[in-house]
Amino acid sequence: MKPLDCSLRARGWAVPDFTLTEWGERRAPYALCVFVLNEGERIRAQLERMQPLTKHVDIVLADGGSSDGAVAPDILKRHGVRALLTKRGPGRLSAQMRMALAYALERGYEGIVVMDGNNKDDPSAVPAFLQLLTAGYDHIQGSRYVSGGRAIHTPWSRHLAVRYLHAPLLSIAAGFRYTDTTNGFRAYSRRLLLDERVAPFREVFSGYELHYYLAIQAARLGFHVCETPVTRAYPRGQTPTKIRGMRGNLSILRTLWKACLHQYDPPPQSAPLAA
């Protein structure tokens, strides 16, 4: 951990404190980063589904500090996981993202696919993300609403909010028509994440800001952006989610509004001078 920690500080990146366990060297040009926090049997089932992908991509688990034992090192190693990062510092999803993205960039990956570890997403879509990264796309949004995508048991409240509020607002801010902007199944190129006009490694990104911000910045700055079909399946009955109640939903809307108003953009002095 020490050499990696030193290199991140040398870059000036704000990354939360974390512990690192690695099994072997980098094997693939791309990483699949999975975000978990007390997902229990859901992440274990997802690991089973992802195991065939280890032939094509290195799997990295970014843990927010789970206490349920579901990401025990022996379990991860058995399923072909290449690395486990466990966040010790403050922050929620965006802090986990900064941790995972910084690790992947420092380890030399050319692109990064990200997904939740709650077993809602079908990992069979990962090869399509890898093909699009290889073709030169920089921000690839997984969508259940484009041709070939599937939305299974999506709660009507979530469906309506995404289709008629979240996606339209973010699309206007980005200048690109997105259809599934709360879906965390995405991919980013190395070129996008290292661009000084993007600057994702800042402490302002703590909750859900980074997903929205990167979607907007990628399109605004002229990077190659597209959507690809994915399947997102909710279990029948109670919906597993980290966003709970009116307060949680209002927080998401505030974050979306701030992202659309470009309040997370880098300070002007961080942007390169015009030619």
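The values are calculated or read from the model by the stated rules, or taken from the named source; none is laboratory data. Note that the structure is predicted; figures quoted are calculated from it, not measured. For neighbour counting, all protein chains shown are included, and Cβ atoms are generated from backbone atoms with ideal geometry for every residue, glycine included. Surface areas here come from the heavy atoms of the whole protein model, side chains and all, with no ligands, DNA or RNA. Shrake-Rupley method; radii C 1.70, N 1.55, O 1.52, S 1.80 Å.
How far apart, in nm, are the 7 Å Cα→Cβ label points at H153 and V204?
Going by the 7 Å Cα→Cβ label model, 3.9 nm.
Once phi is turned into θ = phi - 60°, what whole-Hz ³J(HN,Hα) does the Karplus curve with 6.51, -1.76 and 1.60 give for every residue of segment 76-82, x standing for Gly and Pro?
5, 4, 5, 9, x, 5, 8
Roughly how many percent of the accessible protein surface of segment 168-237 is carbon and sulfur, given a 1.4 Å probe and a whole-percent answer? Could the numbers behind the result be given before it?
Working: 1320 of 2560 Å².
The nonpolar share, carbon plus sulfur, comes to 51 percent.
Treating only the Cβ of Lys, Arg, Asp and Glu as charged (+1, +1, -1, -1), what charge dipole size does the chain show about its Cα centre? Round to the nearest 20 debye.
Here the size comes out at about 440 debye.
Let me know the shape class of the chain, please: from the alpha-carbon gyration tensor, a ≥ b ≥ c as square roots of the eigenvalues, rounded when a/c is under 1.5, otherwise prolate if a/b is greater than b/c, or oblate.
rounded
7 Å from Cα along Cα→Cβ at both S124 and Q263: what's the point-to-point distance in nm?
About 4.2 nm, to one decimal.
Provide the net charge surrounding T154, with neighbours chosen by a C-beta distance below 9 Å and charges set as Lys +1, Arg +1, Asp -1, Glu -1. Provide the component values of the computation, followed by the final result.
Numbers: positive: R144, R158, R232; negative: none.
Here the count lands on +3.
Please compute the net charge surrounding R27, taking Lys and Arg as +1 and Asp and Glu as -1 over other residues with Cβ under 12 Å from its Cβ.
Every neighbour counted, the sum reads +1.
At 7 Å along the Cα-to-beta-carbon direction for both D74 and R88, put a label point, then send me their distance in nm to one decimal.
Distance between the two pseudo-spin positions: 2.4 nm.
Tell me which trypsin sites (Lys or Arg not before Pro) from segment 112-189 have a DSSP coil assignment and no more than 14 other beta carbons within 10 Å of their own.
R177
How large is the helix-only mean residue ellipticity at 222 nm for the chain, computed as the sum of -39500 (n - 2.57) over DSSP H runs with n ≥ 4, divided by its residue count, in deg cm²/dmol to the nearest 500?
Numbers: 10 runs with 96 residues, N = 275.
That comes out to -10000 deg cm²/dmol.
Show me the trypsin sites (Lys or Arg not before Pro) within segment 10-47 that DSSP assigns to loop and that have at most 15 other Cβ atoms within 10 Å of their Cβ.
R26, R27
Over segment 1-107, average the accessible area per residue using a 1.4 Å probe and give it in Å², no decimals. Numbers along the way, then the final one.
On the way: 4710 Å² over 107 residues.
About 44 Å² of surface per residue is accessible.
Can you classify segment 66-179 as rounded, prolate or oblate using the Cα gyration tensor, where a ≥ b ≥ c are the square roots of its eigenvalues, rounded means a/c under 1.5, and otherwise it's prolate if a/b beats b/c and oblate if not?
prolate
Using modelled amide H (1.01 Å from N, peptide plane; none on Pro or chain starts), what sits under 5 Å from the amide H of S143, excluding residues fewer than 5 places away?
Amide H neighbours of S143, under 5 Å, 5+ apart: T228, V230.
How many lysine pairs does the chain hold where the Cα atoms are under 21 Å apart and the two sit 8 or more places apart or on different chains?
Counting lysine pairs in the chain gives 6.
Answer rounded, prolate or oblate for segment 14-143, using the Cα gyration tensor with square roots of eigenvalues a ≥ b ≥ c: rounded when a/c is under 1.5, else prolate when a/b is larger than b/c, else oblate. Please report the intermediate quantities before stating the final value.
On the way: a/c = 1.44, a/b = 1.21, b/c = 1.19.
It is rounded, given that a/c, with a ≥ b ≥ c, falls under 1.5.
Between R26 and R191, what length comes free when the chain is fully extended (0.36 nm per residue of separation minus the Cα-Cα distance, one decimal in nm)?
57.5 nm
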